[in-house]
């Protein structure tokens, strides 16, 4: 059997050069959620530093605020790099999500030791100021981690779109003059 151009076609096999491109939905969604979470997580340290300053804060508070700020920066950088389809963006999103979850756990253990359940109960009832930041880190951190760790995310980030060039269509031998 031949195709319209007179070349033989093999049955049961896709023509050479036609490959399925991976779906980037999970990578783009991970980048968008990571970008939103970066903005929310960056709010807490910035407002604390503006209102109270850096020198007036206890050491444990500075550690917790540094974790929130570090998570925000990692998520921001990871989201931007993911939008450019670079593999490092997915890894930065993974690390940023883990740091975001660690920031909430560190806050409850460093600032209120022994009151772990009371901290989370008050946090999910939105009792303390800026509780939405902690809830966003608790819910958004695992969500970004889950979206970034999916195989389709890394398949999309590893895939390079073909460069458009001139010449014969893929799967056909070059013409000889």
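The values are calculated or read from the model by the stated rules, or taken from the named source; none is laboratory data. Since this is a predicted model, take the numbers as computed values, not measurements. So basically every Cβ, Gly included, is an ideal-geometry build from the backbone, and we count neighbours across all protein chains shown.
When you scan region 75-89, do you find a residue that is assigned to a helix (DSSP H, G or I) and either in contact with a strand residue (DSSP E or B) (Cβ under 8 Å, 6 or more places away or on another chain) or under 24 Å from residue 119 (Cα atoms) (or both), even just one? No - not one qualifying residue is present in region 75-89. Only one entry of 93, 77, 143 meets the criterion of being buried (at least 23 other Cβ atoms within 10 Å of the Cβ) and within 11 Å of the chain's Cα centre (by Cα), and that entry is 93. In region 100-122, the count of residues that are surrounded by 13 or more Cβ atoms within 10 Å (Cβ to Cβ), modelled with pLDDT under 90 and over 24 Å from residue 38 (Cβ atoms) is one or more. Might you check whether a residue that is under 17 Å from residue 60 (Cβ atoms), in a helix (DSSP H, G or I) and touching a residue at least 60 places away in the same chain (Cβ under 8 Å) occurs anywhere in region 111-126? So far as region 111-126 goes, no, none of its residues is under 17 Å from residue 60 (Cβ atoms), in a helix (DSSP H, G or I) and touching a residue at least 60 places away in the same chain (Cβ under 8 Å).
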